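Since every read-out is calculated from the coordinates, none of them should be taken as a lab result. Computed from a predicted model, the values in this text were never measured in an experiment. Note: ideal-geometry Cβ built from the backbone for every residue, glycine included; neighbour counts use all protein chains shown.
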Ligand SMILES: Nc1ncnc2c1ncn2[C@@H]1O[C@H](COP(=O)(O)OP(=O)(O)OP(=O)(O)O)[C@@H](O)[C@H]1O
C-alpha cells in the first residue's frame with residue numbers, strides 16, 4: 001500500500017471534523033476525493049501528511065520527514081508563491097528532498113522534464129509571481145512533478161483552471177497513475193471526477209459515505225444525502241456528464 005489511513009480522526013477548534021476514516025491506496029490508483037464544502041477533504045489530506053494533529057494512524061505521517069518528502073508530494077489548496085523566483089527556480093524547489101538538492105545532473109533532468117511536461121519552456125526565466133493564476137498553477141504542478149515521488153496529494157488541483165487546462169491536468173494525473181504512481185485529489189466537478197479517476201471516495205460530515213468506482217459512488221441516493229442535489233446524467237463518448245439540477 002502507498003498510503004494507509006486507519007481510524008483517522010481530526011478535531012479543529014474543539015469541533016470533530018473527521019471521524020475514524022479508513023482508507024488504503026495502492027499504486028496505479030487515481031482517487032478522486034469528493035464531497036460538499038466543509039466535508040473534511042482538506043483536513044483528511046493534511047492529517048494524512050502529518051501537517052495537522054489527528055488521532056488514529058497514517059502510514060505517511062508516521063514516516064520521518066525526509067522519507068515522507070521522497071514518498072509524497074503535496075499540492076495545497078492555496079496556490080501562494082511567496083517569493084519573486086523564476087519558474088525554473090520554483091520548480092527546482094521540488095528537488096530539495098533529494099541528495100543533489102536541485103543541483104545534480106539528475107535534478108536538472110527532473111526539472112527539465114517537469115517544465116516540458118507542463119509546457120512551461122517559454123516561461124522558464126519569467127518571475128513566477130508575474131504569471132497568470134492558471135500559469136502559476138501549472139508551475140506549481142511542475143514543482144510537484146519535479147519532486148518525483150510515488151504519491152501526489154492535490155487539494156482542488158483544477159480549481160481556477162480554464163476547461164482546457166482542467167482536462168490537461170486531469171489527463172496528466174491519469175497518466176501518472178497509469179505509470180504506477182498514486183494520485184489523491186479533491187475535485188468538485190463530479191463529471192470530470194467520474195471520467196478521469198479510477199476510484200472515488202465520497203466524504204460527508206467527516207465520514208466516508210462511499211468508496212469505489214464512479215458508478216457506485218455517484219448514485220442518486222448518495223448524492224442527495226451528501227450534497228442535497230439531484231443530478232442528470234448525459235452519456236457522452238468521453239464518459240458521463242453529470243449536471244446538478
Ligand atoms: N484552520 C482551521 N481551523 C478551524 N477549523 C477549520 C480549519 N480549516 C477547516 N476547518 C473546519 O473543518 C471542517 C472541514 O474543513 P475542510 O477544509 O477539511 O473541508 P473541505 O471538504 O476541504 O471543504 P472545501 O470543499 O470547502 O475545501 C470545516 O467545518 C471547516 O470549517
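Fully extending the segment from residue 112 to residue 175 would add 20.9 nm, taking 0.36 nm per residue of separation and subtracting the current Cα-Cα distance.
Ordered by packing density, taken as the mean number of other Cβ atoms within 10 Å over each peptide's residues, highest first, how do 2-8, 160-166 rank? Don't jump to the answer; show the numbers that get you there.
Values: 2-8: 19.0, 160-166: 14.0.
Peptide ranking by packing, descending: 2-8, 160-166.
Mean-square fluctuations from a GNM of the chain, with a 10 angstrom spring cutoff on Cα atoms, peak among 97, 53, 150 at 53.
Three semi-axes describe the equivalent ellipsoid of the chain; taken as square roots of 5 times the Cα gyration tensor eigenvalues and ordered largest first, they are 30, 22, 16 Å.
How much of the calculated P(r) for segment 80-149 lies past 22 Å, in percent of all Cα pairs?
Values: 269 of 2415 pairs.
Result: 11 percent of Cα pairs exceed 22 Å.
Could you list the square roots of 5 times each eigenvalue of the Cα gyration tensor of segment 125-188, that is, the equivalent ellipsoid semi-axes, sorted largest first and rounded to whole Å?
On the way: eigenvalues 81, 42, 19 Å².
So the equivalent ellipsoid measures 20, 14, 10 Å along its semi-axes.
For segment 39-132, the Kirkwood hydrodynamic radius from C-alpha pairs, put into Stokes-Einstein at 20 °C and a viscosity of 1.002 mPa s, yields a diffusion coefficient of 142 µm² per second.
Counting 0.36 nm for each residue step from residue 85 to residue 238 and taking away their Cα separation leaves a gain of 51.2 nm.
Taking label positions 7 Å along the Cα-Cβ direction at both residue 22 and residue 162, the computed distance is 4.6 nm, reported to one decimal. Structure remark: mean-square fluctuation, Gaussian network model of the chain, C-alpha springs under 10 Å; the largest value among 80, 88, 46 belongs to 80.
Can you give the % of DSSP beta bridges in the chain that are antiparallel, to the nearest 5?
On the way: 22 of 38 bridges.
Among the beta bridges of the chain, antiparallel pairing accounts for roughly 60 percent.
Contact order for the chain, expressed relative to its length and based on alpha carbon pairs under 8 Å spaced 6+ residues apart, stands at 25 percent. Seen against the Cα atoms of the chain and their longest principal axis, helix 105-117 is set at about 50 degrees. Among 63, 118, 45, the residue with the largest mean-square fluctuation in a Gaussian network model of the chain, with springs joining Cα atoms closer than 10 Å, is 63. Averaged over residues, the count of other Cβ atoms within 10 Å places the peptides 238-244, 188-194 in the sequence 188-194, 238-244, highest first. Put the Cα centre of segment 1-30 next to the Cα centre of segment 71-116 and the gap is 27 Å. Rounded to the nearest 10 degrees, the inclination of helix 133-147 to the longest alpha-carbon principal axis of the chain is 80 degrees. Extension gain for the segment residue 67 to residue 225, taken as residue separation times 0.36 nm less the Cα-Cα distance, is 53.0 nm to one decimal.
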